[in-house]
Amino acid sequence: MKYKLITLFLLTAVIATSCNLPVNTPEATATPPFTETAALPSDTPAPTGTPLPTDTPLPTLTFTPSVPTITTLDKPVNCRLGPSTAWLATSALNLGQSAQIVGKNSDASWWLIQDPLNPGRNCWVASSVTSASGNLSGLQVVQTQAASVTNVTIKLEPKLIDLVLLCIGVIPPVKFTGSIETNGPTEVKWHFETQQGGAQPVKATEFDAFGIKEVSGEYTHVLPVVAGKYWVRLVVTSPNSLVAEALYEIDCT
C-alpha cells in the first residue's frame, strides 16, 4: 500500500510539472482584410472599323468602231485599178457580196476595197453604185497609182522582099504597125527601131483611159542591100519599158 501511494504521488507531480511547461505554439499571421479592387481594363485595342468598299470606277468601255464595209445596190459593179471608169476593171463586186473598205479617194466618190475575188489585192468601186456602212470617218485618202503599159505588139508588111539576083531592083519600104495597151489614163512615149536604120524619133501618145491604140511607121533599105533576115522593134520607154519585135526577110535568089 505504501508503494502504491508513492507511485501515485510521483505521477501526480509529473503531471503537474508538465502543465507548467511553455508550449511553442506558432504565432498566427494576421490576414489583411480583403479589399475589393475593381478590375483594371486590359489594353485590348478597340475593334478597328473595316473600311467600306470604295466606289471603284467600272472599267471604261472603249468603243470599237465597226469595220467599214460595202455592198452593191441592185446589180454587180466593176472593181477597177483606179478611182474612175478610165481605169481597167480587174474584178467585180457581185450581188450579195460585201467587202471591207480600206481607203478612199480625195472626195470619197470611190472606195478602195479588198478585192472580193482576189484575196490579198485591192481595187476601186464607185460610191454612187454601192452602199457603205460602218465607221467611215477613219478612212485614209489613198493616192492613185500610175497607169502602165501592159502589152505591145508589132506587125510588118511585107514580111518578104524578093529581089532579083545580086539584090538589084526596086526596094519597097517595110511598113510596120504596132499596138500599145494601157491599164489606165497615161501618156506613153515610144519609138521604132530597125536593124539597119537604128532608132527612129521618139513619139508620145496620150491615153485618156485604159485601152489599145495603134501606132505605125516604115523603113526603106538603102543600097547596097544584102539578103537576110532583119528585125524591127516597137520600144516603149514611158511610163514603163516594154518591147515588141518582128522579122522580115530580103531574098535575092
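The numbers here are math on the coordinates, done by the rules we state, and not lab data. Please read these numbers as outputs of a predicted model, since none were measured by experiment. FYI the Cβ positions are ideal-geometry reconstructions off the backbone, even for glycines, and counts take in every protein chain you see.
Here are a few things to note about the model shown:
- The set of residues in the range 113-149 being free of Cβ contacts under 8 Å to residues at least 60 places away in the same chain and assigned to a strand (DSSP E or B) consists of 113, 114, 122, 123, 124, 125, 126, 141.
- If you go through the range 184-223 and keep only what is touching a Pro at 6+ places or on another chain (Cβ under 7 Å) and closer than 26 Å to residue 160 by Cβ, you end up with 191, 218, 219, 220.
- Residues satisfying the stated conditions in the range 239-248, i.e. exposed (fewer than 13 other Cβ atoms within 10 Å of the Cβ) and not in a strand (DSSP E or B): 241
- So residue 142, is it closer than 30 Å to residue 86 by Cβ and β-branched (Val, Ile, Thr): yes
- Pairs linking a residue in the range 229-253 that is farther than 21 Å from residue 175 by Cβ to a residue that is surrounded by fewer than 18 Cβ atoms within 10 Å (Cβ to Cβ) and of a type in the set (Lys, Arg), with Cβ atoms under 8 Å and 6 or more positions apart or on different chains, are 237/189; 238/189.
- Test for residue 250: is it closer than 26 Å to residue 89 by Cβ and aliphatic (A, V, I, L, M): no
- Subset tally (residues that are in a loop (DSSP other than H, G, I, E, B), surrounded by fewer than 16 Cβ atoms within 10 Å (Cβ to Cβ), touching a strand residue (DSSP E or B) at 6+ places or on another chain (Cβ under 8 Å) and of a type outside the set (A, V, I, L, M, F, W, C)) for the range 201-238: 2
- Any chance residue 124 is aromatic (Phe, Trp, Tyr), surrounded by 17 or more Cβ atoms within 10 Å (Cβ to Cβ), under 22 Å from residue 88 (Cβ atoms) and in contact with a helix residue (DSSP H, G or I) (Cβ under 7 Å, 6 or more places away or on another chain): no
- Residue tally, condition of a type in the set (Ser, Thr, Tyr) and closer than 22 Å to residue 160 by Cα, over the range 224-250: 2
- The residue that is nearest to the chain's Cα centre (by Cα), counting only those in the range 154-196 that are small (Gly, Ala, Ser) and more than 14 Å from residue 226 (Cβ to Cβ), is 184.
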